[in-house]
Amino acid sequence: MVMSPEDFYAHAIAAADEEGRLPLSRMAGWEVFPFEQDGLRVVPLAPPVLPEPPRLGEGGRPCPGCSAHQAVVWSDQHWRLKQLGGESGVPLLLVLESIAHHDLADLPDERAAELGLLTVRIVRAIEALPHIARAHVSRWGDGSAHLHVFFLARPAGFAQLRGTCLAIWDDLLPAVPADHRDRDAAAVASALAVHGGHAEATTTSD
């Protein structure tokens, strides 16, 4: 028997306190967790809302990926690699995005094969930077209609930032100077362009 959204909510709320707040557990006990537990609280879990609202680019909502200026550093016929936003706390934060409105589940097989190669090549290029220890890869699909895969560079020597909490640290750390990020992004784009596509001159520097 499947667990419906309502069943899932009831199951979760059964573990919550009188304010609907779940206890701190698991991740809060990790040595790489970026917060002290004292005074930290979980927000109350809201009940399910069905049907879910459409993402950007769906249901008549405008698509910023198709219309807005993008800090694209590399592109080909089907993909674009861009710097996300104007700031990042990690040395480099890149997003690989499908140009067409595809999600991971409906990605055509040819594009899926390209995605695998591009992911490996981007990671190789990021980890070839002398001041980077690791490139973390994540896929979140709740923002817009384009498939987008995130690449976060962990700086060398900072094992405290390892693992899934790196995305949180990215928001906590002060912004890396734009010229440093642009230089690293250009190096990754040049490495990709060896295999095809075009490295772009776009920067995020003021």
Practice item. Output the qualifying pairs, or none if there are none: Cβ atoms under 8 angstrom, residues six or more apart or on different chains, first residue in segment 50-74 and in the same structural domain as L93 (by TED's automatic domain parsing) and among the aromatic types (F, W, Y), second residue assigned to a loop (DSSP other than H, G, I, E, B) and at pLDDT 80 or above. Key: W74/G197; W74/E200
Review point. Which is assigned by TED's automatic domain parsing to the domain that holds H148, touching a Leu at 6+ places or on another chain (Cβ under 7 Å) and not hydrophobic (A, V, I, L, M, F, W, C), of S88, S98?
Key: S98
Exercise for review: Among the residues of segment 118-130, write down those that are hydrophobic (A, V, I, L, M, F, W, C), without any contact (Cβ under 8 Å) to a residue 40 or more places away in the chain and surrounded by fewer than 13 Cβ atoms within 10 Å (Cβ to Cβ).
Suggested key: V120
Exercise for review: Filter segment 18-29 for residues that are surrounded by 12 or more Cβ atoms within 10 Å (Cβ to Cβ) and either touching a residue at least 40 places away in the same chain (Cβ under 8 Å) or assigned to a loop (DSSP other than H, G, I, E, B) (or both) and give the result.
Suggested key: G20, R21, L22, L24, M27
Review point. So how many residues does segment 159-193 have that are part of a loop (DSSP other than H, G, I, E, B) and surrounded by 15 or more Cβ atoms within 10 Å (Cβ to Cβ)?
Key: 5
Check your understanding: Quick check, is A133 surrounded by fewer than 19 Cβ atoms within 10 Å (Cβ to Cβ) and out of contact with any strand residue (DSSP E or B) (no Cβ under 7 Å at 6 or more places or on another chain)?
Key -> no
Revision key, fill the gap. Only one of (1) hydrophobic (A, V, I, L, M, F, W, C); (2) more than 18 Å from E97 (Cα to Cα); (3) in contact with a Lys or Arg (Cβ under 7 Å, 6 or more places away or on another chain) does not apply to A145, and that is (2)
Review point. With G65, G141 as the choices, which residue is in a helix (DSSP H, G or I), within 29 Å of L161 (Cβ to Cβ) and at pLDDT below 90?
Key: G65
Point to revise | Positions within segment 100-129 being within 22 Å of A187 (Cα to Cα) and modelled with pLDDT under 95, in sequence order | key: none
Review point. Do we find a residue being over 28 Å from F33 (Cα atoms) and either under 18 Å from the mean Cα position of the chain (by Cα) or in a helix (DSSP H, G or I) (or both) anywhere in segment 119-135?
Key: yes
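Residue-by-condition table, conditions (1) closer than 30 Å to A201 by Cβ; (2) touching a strand residue (DSSP E or B) at 6+ places or on another chain (Cβ under 7 Å); (3) among the hydrophobic types (A, V, I, L, M, F, W, C); (4) exposed (fewer than 12 other Cβ atoms within 10 Å of the Cβ):
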site: Y9; (1), (2), (3), (4): no, no, no, no
site: P53; (1), (2), (3), (4): no, no, no, yes
site: G57; (1), (2), (3), (4): yes, yes, no, no
site: H101; (1), (2), (3), (4): yes, no, no, no
site: D109; (1), (2), (3), (4): no, no, no, yes
Exercise for review: Tally the residues that are in a helix (DSSP H, G or I) and within 18 Å of the chain's Cα centre (by Cα), restricting the search to segment 86-111.
Suggested key: 0
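The values are calculated or read from the model by the stated rules, or taken from the named source; none is laboratory data. Predicted model only: the values in this text are computed from it and were never measured. Cβ atoms come from the backbone with ideal geometry, glycine included; neighbour counts cover every protein chain shown.
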